[in-house]
Every structure is written in C-alpha cells, then in structure tokens.
Amino acid sequence: VQGTGGSSVVSKCSAAARGYIQDRFLRLLAGRRRRRRAPLIHRGYYIRARAVDHCVQDFLLKTQSLPRTQILSLGAGFDSLYFRLKDMGLLHHTVVYEVDFPNVACQKATLIKGMKELSALVGDTGGEGLGPITFSGEDYKLLGVDLSELSELERILEEAGLNNEIPTLFIAEVVLTYMENTRSDALIQWAAEHFPQACFLVYEQVHPEDPFGHVMQQHFSQLNTALHSLAQYPDCEAQQRRFLGKGWTECSVMDMNEFFTSCIPEDEQQRVHTLEPFDEYEEWHLKCSHYFVLAASKGMEPSWTPLLPSVTVPHHAGPVGMAGSVPAAVCARLSGIPGLRRYGHHSVLIKPNVILTTGGFGEEDGQHCRMRNFHVLRKHAGYWEAVCVTQNIPNKRWGERLYHTVSCLSDTLALVVGGRTSPSSAGLGMLWLKFPKTCNASGPDDVAVGLVSLQPAAEAALLRWRHSTTEMTFKGEQYLFVYGGRSALEPVLGDWHFLHTPELSYTAIAVEGPVPESRHSHSACSWEGGVLIAGGLGAAEQPLGSVFLLRELEHGLQWQTIETHPPLVPRYSHTAHVHEGKLLLVGGVWFHASSVPGVTVIDLMTGLCLDYVINV
C-alpha cells in the first residue's frame, strides 16, 4: 500500500509531461522515478486530478471570506496539492496537513528539504521536524502516522496544531479502500463528530461484480493492495448512505463518466481528446464507470455542493429497466486452439456453420499483440470446433489489423475494408480473401490474401476504422455501403460510400432525409435491401441512442429515423442482427454502471425496445 503513492506520482508526472495536467511540482516529487505511461493511464490520472482540484478549489472559493480554514489530506503520498495551491496564491488563510505512513512521510520530508524549489515555497521552518511531525512550515505540516490508529492520529494532529473549530476539508484519494472497513468507517464518523464545519472528498473504486470489476479487483490483489470497501459499499448509492449514516448531513456522488460529461467544460474536454492518439474508448469508459468522486459536508454555510453539473447533459439516471434475462451457455470448448481471446477483430459467416475470424488484439505465441492468425469455427456433428488457418499473405502487416470489416461476396471470396495498426498511423487499405473452390462444409484449410487496387480517391476515402460495411441492393443491383468510423485525422466520420459489387466501382447515389450524426463503433446490418444503423460513439465521445434505416425510394435512397420507445439506451461497440422483424443489439458499452449491456430487442414495426440481461 505504501508503494501506491510512488507509482501514482510517476503516472501523474507522465500525464503532466503530455500536457494533461499543469503541475511543475510533480517531477520534483517523483524524483528519479520516471516512466512514460500509456494514453489510457494518462486519461485516468487526468480525470482523477481534475475531480480533486475541482472540489478543493470550490472549497477554497466558498470559504475565502472566512478568517481561517484547513485541509487535511489523508494518505497524501507524494501528492503536490499543497505546492500547487501555494504557488497559485490560494492559501492566504489555509493550513494544509498531510498524513501518511511514517516511512512515506519521512521520504517526502527529505525530498522537500533537499529541493530548493519546494522548500522555498514552504518557507523557513526553523529546525527539523520532530518525531511524527516530519516537516512543519507555517501553513504546511507533514505527519507520519498510520490512519487506522485513530487515537494516535488524533493526538498527533492536535500536537501539530489542527483546529477542530474551523472549516476543514478532508481528502481521501484512493485511500479509505485500502483500510479495513471498520477502521475507515470509524475515521469517517470521527471526522463528522469532531469537526462541526467539515467537508469530505473521496475518490475511489466502485462496482466490483461485473467483468471489469473482477479484473480490477484481481489487479489490485496482485499488487498486494486489496480493495476492502467494495464488498460492503459496491456502488455510489451505498457510499452515499455510508456517509449520511455516519454523521454527514449532505452528500453527493457521481461516477467519472458523469463527472467528465457534466463538470468539465466542453472546450476542455475537446483539448484532452486531442492531446495524443487515442483509441481505447471502451476501456476508458469502463474505467470511468468504476471510479467515483464523493463530496460530503456538515455545518457549512452556505452548503458545499461542488458536484452540481455545470452543463446539463441528458443523463440517463438510475438503472436500466430489464425485461428479463436470456439464458446463455458456452457452445464450444476451445481449450486446444489459441487465438479466439481477442477484441477489435471481425467474425463473418462464410457459409452455413463456418465462421471466419480475422485481426484484432489478443495473445499469440505468449505475446500480447495484433493477431496475425486467422481462425475458423465450424459446426461438426452438433458441436462447434476450432481450427487455425494458414494464410498466404504478400505482406505480413496487412494481416495485423483492428476494427476492420469483412464482407462475404461469394462462397470463395470476401472483402476486408479498412482497419488500423496503431491509432497514430493511417488506416489500412482493402484486401481480398480467397477461399479454395474445394472448401467444403468443414471450412477452408488455407486463405489466400490479395491486395485490392482501387482508383486513388476511393482508396483514400476508405482508409478508416471502427466503421461499418453492409450489403444492400439498389435498383436490383448489389452494393457495399461503407459508413462512418474514424481515421488518423478525423476522430469521427459521418460520410458514406457505395461500392458496386463485384468489381468495386465507386458509385454516386442520391440520398435524402435527415443525415445521422457522425459516429464510429456503431452497428449496421442489412434489412429488406436497406441498411439499419444503431448506436455508436459520437463527436464528443458520447454514446448515441439513435437508430436509422437507409432504404430505397423511387428515385434514390432515404434516411429514416426509427423511433424507439422507451428510448434506446445509448451504447456502442455492440453487434447487431435482424431476426424475424426484430433488431437485436448484443453487448457493447454504455454509461450505466448498474448493469452490463446484454441483448436489446427492437421491434422494427412498432419501435418497442426491451433490454434483457445475458445470464451466463
């Protein structure tokens, strides 16, 4: 647990170096521990720093007319909060107390004393820190004490000069969850009972029981920093009840998807989106739905409510109503064949009972990488079995792609459109996949891969990923309809292209009606000659809940909106299928942390929209 402060400051330092947060003190506090983190980690630490700053600055603003206030940062680690606030001139009448394990506090005190830039801000302390008070300046006290020893904590805080009678902000940034619940509960209650005017700010994890929650818990257990709060306080409502039941009179809480959308101005959201190439939307939104920020208070006049949304966003509050559950069972035991554990791939039915899977990211030869091997599932004597397929590829790079599409044009030919390697490089061109004529019901043993040459303009237009490619008919002719997606230059696309099959000539067809907003990671499927588009991620990285039908009229094509009721819960990265006049949306990501997207059934005649849990 003591090691978490060090790894946290390294991550914040990396985020600051990329421009996510403005904080020149992090590199001083990180010392020699430097590491460049991944964009997903940068965003995670950005939202964490932003939430804490948002609430702290709100507290200082609301109390600026008062003669004295204090901040008590619990488990502060190597945090730079004091130095930033001091540097910004926000601590005229506020003393900051930081508490952490004696070992951590000593390390930090030594760092500060040895670094002019830091010690100059604190001012002359007149002598060494004494005992547990490892550093003592006029408006900054650094204390080494175990938070779970409450009487000891109380004694040392009193010795350091903490004043129970003035407004106090407690901060616990991923701290309480590392303590046994009885001890963290006692700390929360102690703060409420001993401080008549107080605020409490918490940032930590939530939702342990869904798949992401299981992986999250496993991760922290492997680090030997098990998360204790989750079993007893599994969601935001439980955390709110926890504080209200322990002496706090007001308490608001939101998960980080809601915080990002409603408390961060749009221009700042836009700035963050463009800082570095990013394509991990699913993990980002799942991470945000598994962390929360909580602000509790008592005795504050006026009341402290930092989590009031500054922008009103259509927020689907409360859990999604489920119409029932769909039983599900594993249909193939595929232990012997590696390669199906992947994402960002594309699976296509190339003939009855034969499914080809290409691309994506997963594990190959013990390495996490973009997948080169193709994979065939075939149904044999009532059971699905897997085979790995050799591929005949002129250029290896063409096989390693994510977020592409594959369309079957005949039982010996399929077309791969788009996809990417790295999100910073241009999208990839098209490929033919040719299956041998002799390929029987058992599926192909090998697949020949050939490059597709198009006229340059068409080629350039199709360098995209997270798009859709759907078969459709117009005036009795067959076309592929390529729609939406994103590219290295455009974070979201709203254009479309018609490719006449089989020769793939570019065709212009007039389309009327309301144009759907730009999107990627949507679903698309053929229906009655037209194309159904559902959901997706829109321009502001917000999930969409719209459904459109592109259908043939006398003179051309027309977009039509399909009204769903109740409205479709916005979601993306799902798959879709039409079955007996109903559109089925399966899986994906949405912002409702209370449940995982299962199967949504939309009646295409009536618009009735029902959600079902997949019961595995």
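No lab work stands behind these numbers, since they all come straight from the coordinates. From a predicted model like this one, the values you see are computed outputs, not experimental measurements. So basically every Cβ, Gly included, is an ideal-geometry build from the backbone, and we count neighbours across all protein chains shown.
Peptides 208-216, 369-377 ranked from most to least packed, by the mean per-residue count of other Cβ atoms within 10 Å: 369-377, 208-216.
Its relative contact order, with pairs defined as Cα atoms under 8 Å and 6+ residues apart, puts region 179-288 at 25 percent. Of Cys199, Leu85, Gly339, which is farthest towards the positive pole of the chain's charge dipole, taken about the Cα centre with +1 and -1 on the beta-carbons of Lys, Arg and Asp, Glu respectively? The listed residue farthest towards the positive side: Gly339.
Sorted from greatest to least, the principal axis extents spanned by the alpha carbons of region 148-207 come out as 37, 22, 17 Å. Please state the Cα pair-distance histogram of region 212-309 with 10 angstrom bins from zero: what percent is in each bin? That works out to 13, 35, 32, 18, 2, in percent per bin.
Gly588 sits among other residues whose Cβ lies under 14 Å from its own Cβ, and their net charge, with Lys and Arg +1 and Asp and Glu -1, is -1. Magnitude of the charge dipole for region 93-162, about its Cα centre and with charges confined to Cβ atoms of Lys, Arg (+1) and Asp, Glu (-1), is about 280 debye. Per Stokes-Einstein, at 25 °C and 0.890 mPa s, what whole-number D in µm² s⁻¹ belongs to region 466-615, with the Kirkwood radius over Cα pairs as the hydrodynamic radius? Diffusion coefficient, whole number: 156 µm²/s. If you wrap region 1-130 in the convex hull of its Cα atoms and look at it from every side, the mean projected area works out to 8.3 nm². In terms of packing, defined here as the mean over residues of other Cβ atoms within 10 angstrom, the peptides 184-193, 35-44 line up highest first as 184-193, 35-44. Close amide H partners of Met300, meaning residues 5 or more places away or on another chain with modelled amide H under 5 Å apart, are Ala198. Here is the P(r) of region 24-76: all C-alpha pair distances, binned every 10 Å from 0, give 18, 38, 30, 12, 2 in whole percents. Relative contact order of the chain: 8 percent, from C-alpha pairs under 8 Å at least 6 residues apart in sequence.
In a simple Cβ point-charge model (Lys, Arg +1; Asp, Glu -1; nothing else charged), the chain has a dipole of about 1720 debye relative to its Cα centre. Computed over the chain, the Cα gyration tensor eigenvalues convert (square root of 5λ each) into semi-axes of 53, 25, 23 Å, ordered from largest to smallest. Here region 466-615 is assigned +1 on the Cβ of each Lys and Arg and -1 on the Cβ of each Asp and Glu. Its dipole about the Cα centre then comes out at about 380 debye.
Protection proxy ranking of 404-412, 484-492, by the mean of other Cβ atoms within 10 Å over each peptide's residues and highest first, is 484-492, 404-412. For a straight C-alpha distance cut-off of 25 angstrom, the lysines reachable from Lys62 (same-chain residues fewer than eight places away being disregarded) are Lys86, Lys141, Lys246, Lys298.
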